[in-house]
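Here is the structure we will look at.
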Amino acid sequence: MARIAGVNIPTNKRVVIALQYIHGIGPKGAKDICASVNIPAERRVNELTDAEVIQIREAIERDYMVEGDLRRANAMNIKRLMDLGNYRGLRHRRGLPVRGQRTHTNARTRKGPAKAIAGKKK
């Protein structure tokens, strides 16, 4: 089992698919990494040599922000918005949708399960 960026990637999957298990690497990033290290798309993780795994690890460290660093950066960005007190920060603080979605109906993912209001009837 190869360990890249602190994540155990699955051994029997293709390298392009297995790299996507790392937070911060999507389909395009995985293809770009394989292209930069000259690994064919149909190669599987268990067929990689140690040198190739090291090359992949170095390419990720050099070009991508992944896992803990990326999560920390996102959390800091949200905290900065909340500290500024701008509209997006207030929406984050209140646990409501941030990007302009309607909240009269829907928005249950952000707001949580519906709470009954006593005495309200149609």
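The numbers here are math on the coordinates, done by the rules we state, and not lab data. Quick caveat: nothing in here was measured; it's all calculated off a predicted structure. Cβ: placed from backbone, ideal geometry, glycine included. Neighbour counts: every protein chain shown.
Can you tell me which of ASN74, ASN86, ASN46 moves the most in a GNM of the chain? Springs connect C-alpha atoms under 10 Å apart.
ASN86
I'm spelling it out carefully: the read-out is Rg and Dmax of the Cα atoms in Å, the candidates are (1) 21.2, 69; (2) 22.2, 78; (3) 15.2, 51, and one was derived from this structure. Which label?
The value matching this structure is (1).
With contacts defined as alpha carbon pairs under 8 Å and 6 or more residues apart, what's the relative contact order of the chain in percent?
18
Taking only complete DSSP H runs, can you tell me which helices of the chain stretch 24 Å or more along their own long axis by Cα positions and average at least -1.0 on the Kyte-Doolittle scale?
Those that pass (Cα extent of 24 Å or more, hydropathy at least -1.0) are 67-84.
Pop the C-beta distance of ARG62 and GLN101 into the FRET formula with R0 = 35 Å and round what comes out to the nearest 0.05.
0.40
Scan around ALA2 for amide H atoms under 5 Å from its own, H built in the peptide plane at 1.01 Å from N, and keep only partners 5 or more places away or cross-chain.
Here the answer is ILE9, since their amide H atoms fall under 5 Å of that of ALA2.
Given the options GLY95, GLY68, PRO113, identify the residue whose Cα lies farthest towards the positive end of the charge dipole of segment 56-122 (+1 on Cβ of Lys, Arg; -1 on Cβ of Asp, Glu).
Result: PRO113.
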